[in-house]
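**Student:** Dumping the structure here so I can ask a few things about it.
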Amino acid sequence: MCGVNIVETYTGHVDPGGDAARRTLDALTITKLSVGPMDNNAYLLVCRTENEALLIDAANDPERISDLIGHGPDRPALRTVVTTHQHQDHWQALGAVAGANGSNTAAHPLDAGPLPIPPDFLVEHGDTIKVGQITLEVIHLRGHTPGSIALLYRDPNGHPHLFTGDSLFPGGVGKTGSPSDFTSLLDDVETRIFGELPDETWFYPGHGDDSTLGEQRGQLAEWRERGW
């Protein structure tokens, strides 16, 4: 029996230790789960045609992630685990989850070194990752860490869906260690995300609640002025 309850009403909010929430698109399901003491979000993407899955950030609680994937014969095959960046709170379950499922792992080369297991393949800006028949685009966002990445799904029958790791949150960009890193990250977020994608783009951060680019776009100048 699955130890994680999944609710089908998706708002972008999940509670630590609580229910997962699933959003069902025409070709893809997106299930969000909060894991670990730092309220990390793990996202399970499943191609509805092939029943193949990709996990974004095996952050913590490998047992809960396993329960999320399921244990029956109809559970999806977890082909790939992508780590958005090198910070330890985003990969503590990586070895256990990838090992249990025989999954490939992926990360940007600039953030691969600190990971507990070496990535099976490296991804750079402009690359794509497949999950079943679904294609995700890799967006490199430099500043929170050198190799932070976001993943973009362009739903042909709806709005884009963007998984931003710790590079973009409602209310600002991710934490940076220097003014130059902040400028780098905000420049990339402005040009590679807000400059390329429409307001209705829904984004899914590494912690906390989701938002849309339209809800955040008017704050960009304020973020740059305050410097964080």
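**Student:** Regarding GLU137, is this residue more than 14 Å from the chain's Cα centre (by Cα), open to solvent by 20 Å² or more (accessible area, probe 1.4 Å) and either on the phi > 0 side of the Ramachandran plot or among the charged types (D, E, K, R) (or both)?
**Tutor:** No.
**Student:** List, please: which pairs have Cβ atoms under 6 Å, are six or more places apart or on different chains, and start with a residue in region 166-178 that is assigned to a loop (DSSP other than H, G, I, E, B) and end with one that is surrounded by fewer than 20 Cβ atoms within 10 Å (Cβ to Cβ)?
**Tutor:** Pairs found: PRO170/SER211.
**Student:** Sticking with this structure for a sec: For residues that are outside any loop (DSSP other than H, G, I, E, B), of a type outside the set (Ser, Thr, Tyr), open to solvent by less than 30 Å² (accessible area, probe 1.4 Å) and under 22 Å from THR135 (Cα atoms), tally how many sit in region 69-93.
**Tutor:** Qualifying residue count for the region: 4.
**Student:** I'm trying to understand the selection: among the residues of region 45-68, which are among the acidic types (Asp, Glu) and either open to solvent by less than 10 Å² (accessible area, probe 1.4 Å) or over 20 Å from ARG23 (Cβ atoms) (or both)?
**Tutor:** Answer for region 45-68, where residues must be among the acidic types (Asp, Glu) and either open to solvent by less than 10 Å² (accessible area, probe 1.4 Å) or over 20 Å from ARG23 (Cβ atoms) (or both): ASP57, ASP61, GLU63.
**Student:** Considering region 8-26 alone, what residues qualify as being over 17 Å from PHE203 (Cβ atoms) and surrounded by 17 or more Cβ atoms within 10 Å (Cβ to Cβ)?
**Tutor:** Across region 8-26, the qualifying residues are ALA20, ARG22.
**Student:** I would also like to ask the following. Just one of (1) over 15 Å from the mean Cα position of the chain (by Cα); (2) open to solvent by less than 20 Å² (accessible area, probe 1.4 Å); (3) among the polar types (S, T, N, Q) trips up SER178, so point out which.
**Tutor:** (2)
**Student:** Residue under question is ALA42, and the condition is that it be under 25 Å from ASP19 (Cβ atoms), open to solvent by less than 70 Å² (accessible area, probe 1.4 Å), hydrophobic (A, V, I, L, M, F, W, C) and assigned to a loop (DSSP other than H, G, I, E, B); does it hold?
**Tutor:** For ALA42, the condition - under 25 Å from ASP19 (Cβ atoms), open to solvent by less than 70 Å² (accessible area, probe 1.4 Å), hydrophobic (A, V, I, L, M, F, W, C) and assigned to a loop (DSSP other than H, G, I, E, B) - is not met.
The values are calculated or read from the model by the stated rules, or taken from the named source; none is laboratory data. Remember, predicted model here, so these are calculated numbers, not experimental data. Ideal geometry is used to build each Cβ from the backbone, glycine not excepted, and the neighbour counts take in all protein chains shown. The protein model used for the area step is the full one, side chains on, heavy atoms only, and it has no ligands, DNA or RNA in it. Shrake-Rupley method; radii C 1.70, N 1.55, O 1.52, S 1.80 Å.
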